[in-house]
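**Q** Structure provided below as structure tokens; questions to follow.
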Amino acid sequence: MAEATGRSGTGRPERVDALVVGSGFGGSVAACRLAEAGLSVVVLERGRAYPPGSFPRTPAELGRALWDPGEGLYGLFDVWRFRGCDSLVSSGLGGGSLIYANVLLRKEAHWFVRREELPGGGHESWPLSRADLDPHYAAVEAVLRPVPYPVGTEPYARTPKTRALREAAGQAGLPWSPAPLAVSFAPRTGAPPGPGLPLADEPYGNLHGVPRGTCRLTGECDLGCNNGAKNTLDHTYLSAAHRHGADLRTGHQAVTVEPLGGGGYRVGYVMHDTDGGPARTADLPRHHIDCDRLVLAAGTYGTVHLLLTNRARLPGLGPALGTRFCGNGDLLTFLYGREGAPVPRPDQGPVITGVVGVPGEAGGGTERGHIVQDGGYPGFLNWLAEGVRLAGGAGRLAALAAGLATRRALGSPDSNLSGEIAALLGSGKGFPGVLPLLGVGRDVPDGVMGLRDGRLDVRWTTATSRAYYEGVRATMRQLADGMGAGHLDNPIWWWRRVVTVHPVGGAPIGECPEEAVCDPYGEVYGHPRLYVADAAALPGPVGVNPSLTIAALADRMSTRLLENRPPRRARRPAPAPATALTFAEVMRGALADGPALTLRLTITVDDVDAFIDAPDHRAAAHGSVDCEPLGGRLPVREGWFNLFVPSGLPGRRRMLYHLHLDGPRGRPLTLTGRKEVGDDPGPDLWADTTTLAVEIHRGRREPGEERGLTPLCTGVVRVGRLDFVRQLTTMRATGAAPLAGLVRFGRFFAGELWDAYGPGR
């Protein structure tokens with residue numbers, strides 16, 4: 001599917017009825033419901049589209065299948081490391097559905113607790129009940145069509161790990177049931193199942209246009225289904241949304257959110273070249289889109305990071321922002337063969353086929369409840385086992401461990417592990433073949449999410465959930481004994497850390513803004529028509545695989561949004577496209593104490609007419625600042641340029657620069673610059689218009705906030721004559737009337753200079 005650019009970068013920002021950020025279980029449901037209702041909908045997804053057949057399989061492909069644009073990685077898997085847990089999430093059209101294990105379970109009714117006290121203090125509270133969600137559970141199930149793993153039919157009845165888990169659960173006296181999976185085992189509803197049969201398209205079509213087939217039972221679900229058997233969101237909700245006119249834009253990542261004066265929101269975003277080389281997100285040009293309704297669904301990490309970094313733009317976000325984080329009780333362990341008896345093969349069947357339930361105590365207590373599921377992986381990943389024994393495998397693993405230990409000791413804020421994992425994999429390095437077990441349940445949602453040097457930070461540990469995790473491990477040991485297998489903890493459990501693929505919380509729903517970010521329907525308190533529709537809105541662990549609950553909450557949110565929507569405004573005729581102007585500018589000089597200083601900027605005027613008519617004549621500035629003592633090349637995260645604004649003195653003007661920079665280790669800096677334009681004795685026009693006095697301040701300062709503060713350093717930079725000639729060659733106009741735009745800008749510039757320096761001044 002081609003990446004869409006819309007009208008980004010030229011003219012006034014486009015405006016739509018609804019903008020959805022993210023395409024996972026919350027965003028896809030919202031996009032479909034709103035598009036079906038006739039609203040104009042745009043979906044921004046940072047990753048790429050993955051049609052069947054495009055998912056990575058070879059060691060070399062998997063080594064590049066990670067998300068870290070700064071390292072040139074634009075792949076499917078996004079790996080994070082925080083102080084209490086590691087985490088794996090997805091990047092691609094369809095979000096987490098691309099790599100999840102297909103399990104769709106409803107949250108147990110007695111786990112919708114109201115003010116349940118937590119071991120470490122505080123409480124967990126759900127502002128709705130199972131009865132409130134049941135109609136929406138049913139609506140989502142009708143689209144994703146989960147079916148129990150067909151254990152009564154051949155060849156599914158012979159799946160070794162399924163039989164082994166069921167028998168072990170029986171010996172332990174624990175209930176077992178086949179997992180309800182959003183997987184097509186049969187070519188159509190009512191037809192007998194069979195591996196590798198062609199699937200008929202849905203009535204709403206297939207946005208990829210690639211044929212799909214039924215499940216081949218190869219254990220590849222978590223790496224992306226190349227057969228198309230998974231009923232992922234791109235094959236279901238997003239295809240339906242696309243059919244109803246939703247504009248799905250891949251390679252688009254939202255970075256700023258601000259309310260508009262007349263209602264609605266403006267979202268700033270960048271566009272990733274997912275086939276290109278390394279590019280830091282902060283260095284990419286900023287584009288904007290306006291919307292009447294904004295739905296944030298970028299996943300727990302993406303949504304909470306977006307809200308935290310835009311907190312100043314969204315006044316009134318309460319103290320609950322960043323709270324109620326947990327890993328939904330995820331615990332990964334392994335079973336291994338002993339005394340010559342191997343464990344059941346993990347590469348036969350889907351990744352998960354059965355569920356063992358431990359309900360816990362209704363209404364609270366130390367036993368908070370959990371489930372255990374069999375895991376799996378494809379046979380071709382046996383190269384992981386061989387890789388450890390090959391020369392260099394242990395060294396790569398040791399290098400990764402040493403690097404992580406160093407980061408921890410130095411307190412590094414960089415929580416993204418994708419680059420390191422890619423280096424570890426190389427041609428394929430990892431762990432030997434075993435049978436994984438996955439525990440999911442009700443750990444304690446007492447984690448806090450925040451920013452550390454501009455990066456997402458999570459403060460959460462397993463300490464207050466100790467009783468819960470010991471209960472899960474006890475169940476897993478029971479199952480291991482029932483299979484005659486050995487039980488092995490994940491090595492990171494030695495440090496009481498866990499890996500979660502189900503991070504939840506950070507922008508929880510609740511009854512009041514003092515303890516929640518969103519109301520019970522997902523609307524952000526104090527910000528009408530701004531919604532959170534993903535796992536960030538969960539006020540605690542679901543207790544089972546959370547995908548179905550996230551989707552059901554998004555369906556409920558969409559129903560409320562559509563019931564309460566104001567009458568649609570009469571559509572005005574579309575305004576004529578504006579004329580935009582860009583040019584590059586290079587200024588070189590030095591700080592006051594000698595070190596070289598260089599500014600390389602691109603100035604963007606979105607609308608020449610509006611720019612000239614506005615009293616502040618403001619344009620956007622992007623690029624970088626080079627200065628070795630400050631850390632080398634510092635990207636401009638956000639910048640403004642004002643041309644010929646009044647200085648307060650007759651006949652004098654100023655050119656102003658205000659740049660937000662990312663300093664070393666992400667520490668924020670602010671550069672301000674001023675050119676004084678006015679006629680003084682002698683020939684001074686060239687010097688005035690090309691000489692910029694610079695101040696650099698610590699922190700992120702808004703225009704005017706730096707006044708009266710002592711700067712970190714000062715300096716002067718100038719436009720050289722050769723750089724000025726080059727600057728003229730970079731001037732570009734686009735839009736409705738590019739030549740007329742250039743002429744009007746030129747007349748404005750010359751007119752201001754004439755007023756300042758012409759005869760009679």
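The values are calculated or read from the model by the stated rules, or taken from the named source; none is laboratory data. Quantities reported herein were computed from a predicted structural model and do not represent experimental measurements. When we count neighbours, we look across all protein chains shown, and the Cβ atoms used for this are built from the backbone with ideal geometry, even at glycine. Protein only, heavy atoms only, side chains kept; ligands, DNA and RNA dropped before computing areas. Shrake-Rupley method; radii C 1.70, N 1.55, O 1.52, S 1.80 Å.
**Q** Taking the conditions exactly as written (outside any loop (DSSP other than H, G, I, E, B), more than 30 Å from residue 167 (Cα to Cα) and either open to solvent by less than 40 Å² (accessible area, probe 1.4 Å) or at pLDDT below 55 (or both)), does residue 449 satisfy them or not?
**A** yes
**Q** May I ask you to list the residues in the range 27-47 that are open to solvent by 10 Å² or more (accessible area, probe 1.4 Å) and farther than 15 Å from residue 289 by Cβ?
**A** 33, 36, 37, 38
**Q** To continue, here is another question. Regarding residue 138, is this residue part of a helix (DSSP H, G or I), open to solvent by less than 60 Å² (accessible area, probe 1.4 Å) and at negative phi?
**A** Yes.
**Q** Going through the range 640-654 one residue at a time, which ones are closer than 18 Å to residue 754 by Cβ and in a strand (DSSP E or B)?
**A** 643, 644, 645, 646, 653, 654, listed by residue number.
**Q** Something else now. Looking only at the range 655-678, decide whether some residue is without any contact (Cβ under 8 Å) to a residue 12 or more places away in the chain and either over 30 Å from residue 12 (Cα atoms) or open to solvent by 50 Å² or more (accessible area, probe 1.4 Å) (or both).
**A** no
**Q** Among the residues of the range 173-196, what is the count of those that are part of a loop (DSSP other than H, G, I, E, B) and of a type in the set (Ser, Thr, Tyr)?
**A** Residues in the range 173-196 being part of a loop (DSSP other than H, G, I, E, B) and of a type in the set (Ser, Thr, Tyr): 2 in total.
**Q** Against the definition (assigned to a helix (DSSP H, G or I) and touching a residue at least 60 places away in the same chain (Cβ under 8 Å)), how does residue 687 come out, yes or no?
**A** Criteria not met by residue 687.
**Q** Oh, and also: Check off (1) open to solvent by less than 10 Å² (accessible area, probe 1.4 Å); (2) at negative phi for residue 489 and give me the number that stays unchecked.
**A** So the condition that residue 489 fails would be (1).
**Q** Pick out the one residue from 761, 665 that is at pLDDT below 90, in contact with an Asp or Glu (Cβ under 9 Å, 6 or more places away or on another chain) and assigned to a loop (DSSP other than H, G, I, E, B).
**A** Checking each option against the conditions leaves just 761.
**Q** Name the residues in the range 348-376 that are at pLDDT below 90 and open to solvent by 30 Å² or more (accessible area, probe 1.4 Å), would you?
**A** 359, 361, 362, 363, 365, 366, 367
**Q** OK, next. Checking residue 634 against (1) open to solvent by 10 Å² or more (accessible area, probe 1.4 Å); (2) closer than 20 Å to residue 699 by Cα, which single condition isn't satisfied?
**A** Among (1) open to solvent by 10 Å² or more (accessible area, probe 1.4 Å); (2) closer than 20 Å to residue 699 by Cα, the lone unmet condition for residue 634 is (1).
**Q** Another question, if that's okay. Out of curiosity, is residue 117 within 28 Å of residue 202 (Cα to Cα) and open to solvent by 30 Å² or more (accessible area, probe 1.4 Å)?
**A** Against the criterion (within 28 Å of residue 202 (Cα to Cα) and open to solvent by 30 Å² or more (accessible area, probe 1.4 Å)), residue 117 does not qualify.
**Q** What residue, of 708, 735, is open to solvent by 40 Å² or more (accessible area, probe 1.4 Å), at positive phi, in contact with a helix residue (DSSP H, G or I) (Cβ under 9 Å, 6 or more places away or on another chain) and not basic (Lys, Arg)?
**A** 735
**Q** Among the residues of the range 153-172, is there at least one that is under 18 Å from residue 51 (Cβ atoms), assigned to a loop (DSSP other than H, G, I, E, B) and touching a residue at least 40 places away in the same chain (Cβ under 8 Å)?
**A** No, that holds for no residue.
**Q** Given (1) modelled with pLDDT of 95 or more; (2) farther than 27 Å from residue 369 by Cα; (3) not in a strand (DSSP E or B), identify the lone condition not met by residue 432.
**A** (1)
**Q** Here is a check on your reading of the model: is residue 311 under 30 Å from residue 463 (Cβ atoms), out of contact with any Pro (no Cβ under 7 Å at 6 or more places or on another chain) and either among the aromatic types (Phe, Trp, Tyr) or open to solvent by 10 Å² or more (accessible area, probe 1.4 Å) (or both)?
**A** yes
**Q** Kindly check whether there is at least one residue in the range 594-610 that is out of contact with any Gly (no Cβ under 7 Å at 6 or more places or on another chain), within 25 Å of residue 747 (Cβ to Cβ), at pLDDT 90 or above and assigned to a loop (DSSP other than H, G, I, E, B).
**A** For the range 594-610, residues out of contact with any Gly (no Cβ under 7 Å at 6 or more places or on another chain), within 25 Å of residue 747 (Cβ to Cβ), at pLDDT 90 or above and assigned to a loop (DSSP other than H, G, I, E, B): absent.
**Q** Then there's this: Look through 499, 458 and report the one residue that is buried (at least 24 other Cβ atoms within 10 Å of the Cβ) and within 30 Å of residue 665 (Cα to Cα).
**A** None of the other options fit; the residue is 458.
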